[in-house]
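Since every read-out is calculated from the coordinates, none of them should be taken as a lab result. Bear in mind that the values here come from a model prediction, so they are computed numbers and not experimental data. Here Cβ is always computed from backbone atoms with ideal geometry, including for glycine, and neighbour counts include all displayed protein chains.
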Amino acid sequence: MLRTLLVAALVLLLLAWIYGRRAVVRSKDQVAKYIDDFLQGRGDERDWDEFTSVRIRDPYLDRIRQDCIDATSNPLALRALLEELRARAA
């Protein structure tokens, strides 16, 4: 019984560690560069996919990332997000 509880606890800790590591630390400038590069046609789809697929630890920047997912096909919305980000960084 005790062994089963220890194994279950270790599995839960491992899963929590793996999930927690999926979030990356990015600066406002890095997020702005991803958006600007996408708008300017620099890089490729893998760069944009990396940006939109990986959670960012900073809740504000992660909200921007999530909004970018919804706005991928709308350059005006992406520009608005970029301007919001640059205004907040200033």
Completion exercise
Candidates for Rg and Dmax of the Cα atoms in Å are [x] 13.7, 42; [y] 12.2, 38; [z] 17.6, 59, and the calculated one carries label [z]
Fill in the blank from the handout: Measuring from the longest principal axis of the C-alpha atoms of the chain, the long axis of helix 59-71 (C-alpha) lies at a number of degrees, nearest 10, equal to 60 degrees
Practice task
Compare the Cα positions of Ala80, Leu2, Ser27 along the charge dipole of the chain (+1 at Cβ of Lys, Arg; -1 at Cβ of Asp, Glu; about the Cα centre) and return the one farthest towards the positive end.
Solution key: Leu2
Exercise for the section: Search the structure for amide H atoms under 5 Å from the amide H of Asp58, placed 1.01 Å from N in the peptide plane, and list their residues when 5 or more places away or on another chain. Expected result: Arg26
